[in-house]
Amino acid sequence: MSDFSQFGLPAQLNTALERMKYTAPTPIQLQAIPLALKGHDILGSAQTGTGKTAAFGIPLVAKILNNPRGNAIVLTPTRELASQVMEVITQLLGQRSFVQAVLLIGGDSMHKQTAQLRMRPRIIVGTPGRINDHLERGNLILHDTNFLVLDETDRMLDMGFGIQIDKIVKFLPAARQTLMFSATLPPEIVKMSAKYLKNPERIAVGAVNAPIVRIQQEIIHVSDSGKYDELNKQINARSNGSIIVFVKTKRGADRLCERLNKQGNKTDTIHGDLHQRKREKVIQGFRDMKFRILVATDIAARGLDIPHIEHVINYDLPQCPEDYIHRIGRTARNGSEGSAVCFISPDDGLKWRAIHRLLNPNEAPPHMPRPAGGEGKPRNYGQKKTFGGNGKKQGGHTGGTGKPSGGNKRFGRFPKRSSAPKAAA
Ligand code: AMP
């Protein structure tokens with residue numbers, strides 16, 4: 001009997017867990033599953049890669065299997081994350097389940113989704129925009145949907161889905177159970193939770209606002225013109241594991257991918273201009289190790305769960321500081337280790353300080369070399385950022401000096417380097 005037996009789950013679910021080789025619950029699952037099974041609302045903060053999907057997926061499937069009435073809906077910020085959540089839920093339901101689950105995401109055929117909705121699925125997973133489309137067209141009826149999961153809520157708000165979520169929630173019955181998960185718990189999220197949750201149980205795994213400690217983080221000061229050469233050095237220094245390279249723009253992603261391919265590096269790219277089918281193909285190719293390097297914009301920063309990503313290279317800094325945490329969370333999945341390198345060019349001072357403040361809220365900002373022509377205020381990086389980085393400590397993280405020249409390679413202490421590191425294990 002697996003450790004999951006302590007939860008008294010339906011036999012079908014226990015069999016599925018065995019097939020998935022989930023033998024013992026992860027810490028977030030240990031906290032969330034019993035509370036959710038008892039019917040509590042939950043406000044959960046968990047870092048990526050902690051088993052958060054099954055933490056809500058297991059009680060969701062248990063409720064659906066145990067009750068002939070009542071449906072469930074899961075909202076996620078991105079299509080990719082929705083697809084991954086759907087995959088976990090499908091696995092949890094098992095191979096011969098009669099329960100129908102439908103994925104409602106943009107970029108996919110409206111016609112196909114409408115036909116699937118006619119079968120009255122009991123589980124809906126999707127992104128807020130497409131779900132609202134179906135609600136407005138009368139394709140989707142939610143008055144029996146008494147189990148709501150908001151996944152990566154901070155990201156959904158960040159992407160401007162607040163109003164869309166409000167609209168969807170209005171279609172749901174007031175007597176429902178709501179589970180809300182967020183990587184960070186800034187005041188906006190806590191306020192939002194008061195609107196949607198009833199007496200929620202707060203659960204947390206790891207330090208809020210802190211990336212996973214198993215990730216070895218480094219920063220490299222480099223000029224804009226020197227970035228490409230530095231990237232090559234970094235790639236060559238990493239003999240094992242897949243690499244994800246984050247860039248700022250879609251065009252930049254295409255250009256960098258082309259350049260790397262020309263030099264014989266097996267590379268592909270993912271960004272918002274690609275059709276859904278193409279995006280899925282790229283992710284599948286990366287998962288199947290058909291190429292080693294994925295150049296991505298932040299669209300891929302969340303949810304991508306590929307165990308063999310060992311290295312994250314931040315070629316450009318992200319558009320908002322929280323994305324840094326999500327980017328580096330693509331590595332060190334489920335107990336493994338990983339490395340994250342961050343290129344900082346002379347104009348990146350403000351951006352890097354905002355990231356540093358988010359990671360080390362109680363510490364002095366790092367000294368940054370001044371840019372030659374003065375620094376404009378980049379989007380989302382001022383004192384009035386949307387979330388986080390408010391100077392208040394929100395979790396139990398104790399960082400180090402936070403200075404780029406610190407000696408410890410762990411989180412919060414970034415060794416400064418100007419040359420390639422030795423190959424990661
Ligand atoms: P998540 O945080 O939901 O993205 O999960 C991260 C990874 O952990 C995924 O590859 C899951 O399949 C895996 N995982 C989640 N829960 C368990 C578990 N109890 N045992 C083993 N692997 C798990």
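Any read-out appearing in this document is the output of simple, stated calculations on the displayed coordinates, not a laboratory observation. Quick caveat, the model's predicted, so the values are computed rather than measured. We place every Cβ from the backbone using ideal geometry, glycine too, and count neighbours over all the protein chains shown.
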Checklist entry - Cα-Cα over 24 Å: which of LYS112/LYS248; LYS38/LYS112; LYS167/LYS198; LYS167/LYS278? => result LYS112/LYS248; LYS38/LYS112; LYS167/LYS278
Item to check | Rough spin-label spacing in nm, given labels placed 7 Å along Cα→Cβ, for LYS170 and GLU87 | outcome: 3.6 nm
Next on the checklist: If you scale each eigenvalue of the Cα gyration tensor by 5 and take the root, what three semi-axes come out for the stretch 174-306, rounded to whole angstrom and sorted largest first?
Outcome noted: 36, 19, 14
Checklist entry - Name the trypsin sites (Lys or Arg not before Pro) in the stretch 284-333 that are in a loop by DSSP and that have at most 15 other C-beta atoms within 10 Å, would you? => result LYS290
Next on the checklist: With +1 on the Cβ of every Lys and Arg and -1 on the Cβ of every Asp and Glu, and nothing else charged, how large is the dipole of the stretch 4-205 about its Cα centre, in debye rounded to the nearest 20?
Outcome noted: 540 debye
Checklist entry - Considering amide H positions built from the backbone, and no H for Pro or chain starts, which residues 5 or more places from LEU317, or on another chain, come under 5 Å of its amide H? => result none
Checklist entry - Straight-line reach from LYS290: which aspartates and glutamates have Cα under 13 Å away, leaving out those fewer than 8 places along the same chain? => result ASP268
Checklist entry - Under 12 Å from the 7 Å Cα→Cβ point of ASN232, by amide nitrogen: which residues of the stretch 243-273? => result 259-265
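Which net charge results when you count Lys and Arg as +1 and Asp and Glu as -1 among the other residues whose beta-carbon is under 12 Å from that of ASN265?
+3
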Checklist entry - Using a basic spin-label model with each label point 7 Å from the Cα along Cα→Cβ, how many nm lie between SER239 and THR114? => result 5.7 nm
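What ranking, highest mean first, results for peptides 238-244, 352-358, 215-221 when packing means the other Cβ atoms within 10 Å averaged over each residue?
352-358, 215-221, 238-244
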Item to check | Residues with amide H under 5 Å from that of ILE219, placed H, sequence gap 5 or more | outcome: CYS342, ARG417
Checklist entry - Order of 307-319, 16-28 by packing, highest average Cβ count within 10 Å first? => result 307-319, 16-28
